[in-house]
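**Q** Quick one: the structure is below, and I'll ask about it shortly.
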Amino acid sequence: MSELQQHRVYKSDLSFEISEDETFLIEDEFVLFSYKDDIMIGRYKPEKHIDLKAAQQIARTREAAFRIARQEKMMAIAEISHLKSVSAEARKFFASPEQTKRLLAGALVTKSLVGYVMGSFFIKLNPIKKIPENMFRTIDEAKNWMNELDLKA
């Protein structure tokens, strides 16, 4: 059994599920990372405030997810529907060249209209210059967009 297969789970202890065809990678107090078809999905936990310290912890957890998945680069989806807030410092940190160097493309996903507008504003304020990025209402929409990009590590 491979290391990735050992990490497979179908439901976390959170209020949402990862699909049966996704592979669980790792989680911390802020986010759960899973993986499918060269796309890493980070599902942020409910009612969390992401400040710079939290963003730095999430970055360490994401690095561990890359190592577990044995991937140098991947496309990434951040499902942020349940977050309480993200500080300006955290947004700037996540958009920095150091934090985006392993990403082929990035998508933010939120079910809330307010979150969608705020996420779109974040993308415009903190553009990631070297990768495609977009905002979506569902993970499936983000996956479809990424599959159309046809990017490989």
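The values are calculated or read from the model by the stated rules, or taken from the named source; none is laboratory data. Since the structure is predicted, the reported quantities are computational estimates derived from the model, not experimental observations. Cβ sites come from the backbone with ideal geometry, for glycine too, and all protein chains shown count toward neighbours.
**Q** Looking at the range 47-92, which of its residues are closer than 19 Å to Met135 by Cβ, charged (D, E, K, R) and free of Cβ contacts under 8 Å to residues at least 60 places away in the same chain?
**A** Within the range 47-92, Lys84, Arg91, Lys92 qualify.
**Q** Residues that are surrounded by 12 or more Cβ atoms within 10 Å (Cβ to Cβ) and of a type in the set (Phe, Trp, Tyr), at least 1 per element: which helices (runs of 4 or more DSSP H) completely within the range 66-130 meet that?
**A** 88-94, 113-125
**Q** Just name the residue that is farthest from His49 (Cα to Cα) out of those in the range 77-103 that are under 12 Å from the mean Cα position of the chain (by Cα) and β-branched (Val, Ile, Thr).
**A** Looking at the filtered set, the residue picked out is Thr100.
**Q** Another question, then. Look through the range 8-33, keep the residues that are at pLDDT 85 or above and in a loop (DSSP other than H, G, I, E, B), and return whichever of them is nearest to the chain's Cα centre (by Cα).
**A** Phe30
**Q** Go through (1) touching a helix residue (DSSP H, G or I) at 6+ places or on another chain (Cβ under 7 Å); (2) assigned to a helix (DSSP H, G or I); (3) modelled with pLDDT under 90 and name the single condition Ala55 misses.
**A** (3)
**Q** Oh, and also: Taking the range 131-148 on its own, how many of its residues are in a helix (DSSP H, G or I) and either touching a Lys or Arg at 6+ places or on another chain (Cβ under 8 Å) or surrounded by 14 or more Cβ atoms within 10 Å (Cβ to Cβ) (or both)?
**A** Selection size over the range 131-148: 6.
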